[in-house]
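Asks: I have a structure I would like to understand better, so I am pasting it below and will then ask my questions one at a time.
Values in this text are rule-based calculations from the coordinates and carry no lab data. This structure is a prediction, so every number in the text was calculated from the model and none was measured. Cβ atoms come from the backbone with ideal geometry, glycine included; neighbour counts cover every protein chain shown.
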Amino acid sequence: MKIPKVVVFDLGKVLVDFDYGISSAKFATKSRCNAGQIRELIDHAPLLYRFETGLLTNEQFYGEVCSTCGFSGSFVEFYEIFADIFTEIHPMTAMHAALRAHAVPTYIFSNTNGIAVAHIQKKFPFFANFDGYVYSFQQGVMKPDAKIYEVVENLTGHRGNDIVYLDDRFENFDAGRIRGWRAFLHKSPDETIPVLREWGLPIDA
């Protein structure tokens, strides 16, 4: 079997876990909406889509949440609450470190926003050690749109099964598979890590 040339990682639920319930509960203490209503607003809602395709700045996103839910905190307070929802998935970041130790090029490919990226850059040292990053909020388009997959191909210089791609969402994984990428639908490190080993990638330290 041909050994892949690059590994492309989704970010959320693959390298870092996250829970919008954490921020929603904190926002609710200073809002007229309850935690459930706020979570509905900021988790996979049209507002988040606009934010994560670059149609809203950080400050505009804050303003939309304030006007919709009556959040009374400052922008700085909002920023910290919205951002601090991530935890590192250590088996996956350890696997990534092994790939890097063997000089395998790796990339981040994520539907995300500027607040999340800035927070993760600051909090998690592993995040600095990738060859490149493709973010929906910078590209103006989200997975599974084919246009953003083309950006990844152009950035990496590879196509087809030279690219290993890990994503936890079926529609995003499937868009990569359709392009011929060696895509794997990530559910847990215990499932994903052995598959990459079978594909010939050097994932053992």
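Asks: At a threshold of 8 angstrom on Cα-Cα distance, excluding pairs fewer than six apart, so keeping six or more, what relative contact order does the chain reach in percent?
Replies: Numbers: 318 pairs, mean separation 60.1, N = 205.
Relative contact order comes out at 29 percent.
Asks: Kirkwood Rh over alpha-carbon pairs of the chain, then Stokes-Einstein at 10 °C and 1.306 mPa s: what D in µm² s⁻¹, rounded to an integer?
Replies: Working: Rh = 17.8 Å.
It comes out at roughly 89 µm²/s.
Asks: Continuing with this model, one more query. Per residue and in cubic angstrom, what volume does the convex hull of the Cα atoms of segment 108-192 have?
Replies: 100
Asks: Something else about it: For labels at K123 and H102 in the simple 7 Å Cα→Cβ model, what's the distance in nm?
Replies: Between K123 and H102, the simple spin-label model gives 3.0 nm.
Asks: Separation between the E77 and D131 pseudo-spin-labels, each 7 Å from Cα along Cα→Cβ, expressed in nm?
Replies: A separation of 4.5 nm, rounded to one decimal place.
Asks: For the residue pair N161 and T87, what label-to-label distance in nm results when each label sits 7 Å from Cα along the Cα-to-beta-carbon direction?
Replies: 3.7
Asks: For segment 121-190 and segment 76-120, what is the separation of their C-alpha centers, rounded to whole Å?
Replies: For segment 121-190 versus segment 76-120, the Cα centre distance is 13 Å.
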